[in-house]
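One structure is given below, encoded as structure tokens.
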Amino acid sequence: FFGRGRAAAPEAAIDAPEGLHVPLRRRTGAVLLAVFAALLALLPLAARLWPGPLLAMVDAFYRVGALVFGGGHVVLPLLQAEVVGPGWVPNDAFLAGYGAAQAVPGPLFTFAAFLGASMQVWPGGWLGAAVCLFAIFVPSFLLVAGALPFWEPLRRSAHAQAALAGVNAAVVGLLLAALYHPVWTSAIHGAADFGLALAAFVALVFWRAPPWAVVLACGAAGVLWPTGI
């Protein structure tokens with residue numbers, strides 16, 4: 001009765017979400033995506049044409065950063081092959097750094113800085129950490145900024161959603177492969193190691209213990225175990 005003469009706004013129009021507005025034009029996004037793809041294709045060629053540890057390091061960590069999907073653990077075997085295979089970082093240091101990095105946020109990228117600082121070839125130390133950290137972050141910035149202008153059509157595309165579902169399914173298998181090699185094959189050598197890993201799993205999943213506490217406890221157990229304490 002009181003609303004006669006006024007057209008009520010449709011409920012769908014009130015609840016309709018607004019699109020994602022970004023300050024980047026599609027041309028800028030296309031350029032950023034092209035730079036992302038060009039670096040991914042040209043850095044390996046440049047590393048072959050101008051051999052040297054610095055350019056090879058940038059190429060390796062850029063490719064690792066470009067292939068991250070479904071979590072950093074997916075590229076763990078690739079990262080191990082890139083830094084342990086050429087002898088840049090010993091395998092024991094690689095596994096120790098990977099275990100310690102799990103106690104802090106963003107483990108893969110923190111791990112990249114650790115690997116850069118642990119390099120046995122030039123550059124190492126702070127310079128190596130900065131180079132590896134920069135190289136592994138650059139593809140993410142290029143890919144995210146380049147895809148933002150096209151995000152709305154991609155988000156609504158049934159083909160993109162189906163492709164993402166397939167990628168998510170593949171990630172499960174890749175995570176299991178990364179768990180087996182190099183983590184399981186390098187850390188589990190007997191019943192004692194298996195029991196310690198099982199205890200850590202129970203503490204993390206069922207007791208909700210903080211990761212840093214589990215890492216410290218497992219490290220202390222590894223030191224004390226050989227003494228029989």
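The values are calculated or read from the model by the stated rules, or taken from the named source; none is laboratory data. Predicted model only: the values in this text are computed from it and were never measured. Reconstructed Cβ throughout: ideal geometry from the backbone, glycine too, with neighbour counts over all protein chains shown. The accessibility values were calculated without ligands, DNA or RNA, using every heavy atom of the protein model including side chains. Shrake-Rupley method; radii C 1.70, N 1.55, O 1.52, S 1.80 Å.
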Of the conditions (1) assigned to a helix (DSSP H, G or I); (2) over 18 Å from the mean Cα position of the chain (by Cα), residue 179 clears all except one; give me its number. (2)
List the number of the failed condition for residue 200; all other conditions in (1) in contact with a Cys (Cβ under 7 Å, 6 or more places away or on another chain); (2) closer than 25 Å to residue 63 by Cβ; (3) small (Gly, Ala, Ser) hold. (2)
Evaluate the following for residue 186: is it over 17 Å from residue 59 (Cβ atoms) and open to solvent by 30 Å² or more (accessible area, probe 1.4 Å)? yes
Name every residue in region 80-100 that is under 14 Å from residue 57 (Cα atoms) and either of a type outside the set (S, T, N, Q) or part of a loop (DSSP other than H, G, I, E, B) (or both), in order of residue number. 81, 82, 83, 84, 85, 86, 87, 88, 89
When you scan region 68-77, do you find a residue that is in contact with a helix residue (DSSP H, G or I) (Cβ under 7 Å, 6 or more places away or on another chain) and under 23 Å from residue 122 (Cβ atoms), even just one? no
Selection status of residue 68, in a helix (DSSP H, G or I), touching a residue at least 24 places away in the same chain (Cβ under 8 Å), among the β-branched types (Val, Ile, Thr) and open to solvent by 20 Å² or more (accessible area, probe 1.4 Å): no
